[in-house]
1. Please give the helices (runs of 4 or more DSSP H) falling wholly within the stretch 98-214 in which 2 or more residues are within 16 Å of ligand 2 (Cβ to nearest atom) and hydrophobic (A, V, I, L, M, F, W, C).
2. With the checklist (1) touching a residue at least 60 places away in the same chain (Cβ under 8 Å); (2) within 14 Å of ligand 1 (Cβ to nearest atom); (3) under 16 Å from the mean Cα position of the chain (by Cα) in hand, flag the one item A278 doesn't pass.
3. Do we have T306 as β-branched (V, I, T) and either surrounded by fewer than 24 Cβ atoms within 10 Å (Cβ to Cβ) or in contact with a Gly (Cβ under 8 Å, 6 or more places away or on another chain) (or both) here?
4. It is to be established whether one or more residues within the stretch 146-153 are out of contact with any Lys or Arg (no Cβ under 9 Å at 6 or more places or on another chain), open to solvent by 10 Å² or more (accessible area, probe 1.4 Å) and modelled with pLDDT of 95 or more.
5. So which pairs qualify, if the first residue must be in the stretch 328-357 and without any contact (Cβ under 8 Å) to a residue 12 or more places away in the chain, the second must be open to solvent by less than 10 Å² (accessible area, probe 1.4 Å) and within 16 Å of ligand 2 (Cβ to nearest atom), the Cβ gap must be under 9 Å, and the two must be at least 6 apart or on different chains?
6. Report yes if V260 is away from ligand 2 (no atom under 13 Å from the Cβ), assigned by TED's automatic domain parsing to the domain that holds R211 and surrounded by 24 or more Cβ atoms within 10 Å (Cβ to Cβ), otherwise no.
7. Within the stretch 69-83, is there a residue that is open to solvent by 20 Å² or more (accessible area, probe 1.4 Å) and either outside any loop (DSSP other than H, G, I, E, B) or of a type in the set (K, R) (or both)?
8. Pick out the one residue from P174, P179, P189 that is under 25 Å from I302 (Cα atoms) and open to solvent by 30 Å² or more (accessible area, probe 1.4 Å).
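The values are calculated or read from the model by the stated rules, or taken from the named source; none is laboratory data. The model shown is predicted, which means the values in this text are computed figures rather than measured ones. Ideal geometry is used to build each Cβ from the backbone, glycine not excepted, and the neighbour counts take in all protein chains shown. Protein only, heavy atoms only, side chains kept; ligands, DNA and RNA dropped before computing areas. Shrake-Rupley method; radii C 1.70, N 1.55, O 1.52, S 1.80 Å.
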Amino acid sequence: MKADLIVGNIGQLASCSSPTGQKRGREVQDVGLIENAAVAIAGGRILTLGSDSEIRTRHTAAEFIDAESKVITPGLVDPHTHIVFAGDRLSEFELKIKGAEYLEMLAAGGGIISTVKATRAATEGELVEGALKRLNKMLACGTTTCEIKTGYGLDTETELKMLRVVEELDRTHPIDIVPTFLAAHTVPPEFKDQTDAYVDLICGEMLPAAREWYAASHFSNAGTPFFCDIFTERNAFDAGQTARLLEAARVLGFGIKAHVDQFTNLGGSRIAIENGAASIDHLDVISDDEIALLAESDCVGIVIPTENFSGGKTQFAPARKLIDSGCAVAISTDFNPGSAPCPSQQMAMAIACRYQKLLPAEVMNAATINAAFAIGVGSTRGSIAPGKRADLVIWDANDYRQIAYEFGRSAVDTVIKSGTPVYRAAK
Ligand code: NIG
Ligand code: FE
């Protein structure tokens, strides 16, 4: 059969495929390894994969890429980012080194709020320009699909501006984007000490406006999901406000996500899961009861080791326990200017292996197939399987375990997006 492209002479192909949906338990230790492999691609999608000799006998193709015995994995999926923003948080970086606490700075009108001020003042063009640079960094680290959150506007006008920026990024950059509406990132200064009134504004005005934007956007046309998220935390939103907002979002048709248990357990995990959340994110202080609830649900637990590393913390989300309890676990960078200025899923994987005691196979599945399910695109992305989008990374490695083993540089050799090479590392 005729293909557009064959990628052959692959030393190890880690397909990360999962016929049954999210990977859990022992399945997470299996990356679907094929040695001496090849992949045939047609129309931007995977046609077949198998042994090099078999694929080359069965298919002819106009183009051939020689993987030179290197490793191939699915394009990485980053299921939690905040990469649309203006300004920087470099002074805060120094303050944190000197001992300032993240939530204290937020309460004092710094942290997220300082990025809100800069983002409100920026033009759409400036926000697009800054975010494109960040997407390029992510692509160079092997990410081919990512989620992006709003949440540095915190008023209707700026939140919609951020959504338009996200749409423009998806139109112009090879990385596929899934949008998330995070007006409930924190309470804006004009609503100081009136959090309930701000939640009223979100539910009454901002969520319907965001749905209207989505309905007219190319995301809705393409069947890409649209999520609503909230930061359930001290100095942000409490359990009652979380329940109110997530219910309103669910009724309006949003997919659900929540930042929960990052510093304080306010019961947000249960509320999010009960509202059908696709993911709950951070989970540093999740309880045993909530872990049991997560394990029984389709919700993915996203852990964010880069946030702990960046904060100089020695405690991490209990990812080992989550997997051993039967939860579906994904991993993300949380790429943002405050708590995790990191574009690299490879770095997140490296930290998770050392500090969360996950195996290289487990972090690979967590950064591909389970990450794709966490953002509602598990049926089309996140693994190398027939019919799926041909998003592949050729790594400068001969063994897939090397990807999480090495740190301090990107081990990416080539990134292929929908069957087309879109990034090659300088030799
Ligand atoms: O996931 N926790 C809240 N939100 C982000 C940080 C955003 C920021 O500090 O600008 C997070 O860590
Ligand atoms: Fe976040």
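1. Working: elements: 102-107, 112-121, 124-140, 156-172, 195-201.
Passing ranges, in order: 102-107, 112-121, 124-140, 156-172.
2. (2)
3. Numbers: β-branched (V, I, T): yes; either surrounded by fewer than 24 Cβ atoms within 10 Å (Cβ to Cβ) or in contact with a Gly (Cβ under 8 Å, 6 or more places away or on another chain) (or both): no.
For T306, the condition - β-branched (V, I, T) and either surrounded by fewer than 24 Cβ atoms within 10 Å (Cβ to Cβ) or in contact with a Gly (Cβ under 8 Å, 6 or more places away or on another chain) (or both) - is not met.
4. No, the stretch 146-153 contains no residue that is out of contact with any Lys or Arg (no Cβ under 9 Å at 6 or more places or on another chain), open to solvent by 10 Å² or more (accessible area, probe 1.4 Å) and modelled with pLDDT of 95 or more.
5. From the stretch 328-357, the pairs are R354/P305.
6. Values: away from ligand 2 (no atom under 13 Å from the Cβ): no; assigned by TED's automatic domain parsing to the domain that holds R211: yes; surrounded by 24 or more Cβ atoms within 10 Å (Cβ to Cβ): yes.
Answer is no for this residue.
7. Initial filter on the stretch 69-83 (open to solvent by 20 Å² or more (accessible area, probe 1.4 Å)): 69-70.
Going one step further and asking which of them are either outside any loop (DSSP other than H, G, I, E, B) or of a type in the set (K, R) (or both), we end up with 70.
Looking for residues that are open to solvent by 20 Å² or more (accessible area, probe 1.4 Å) and either outside any loop (DSSP other than H, G, I, E, B) or of a type in the set (K, R) (or both), one finds at least one in the stretch 69-83, hence yes.
8. P174
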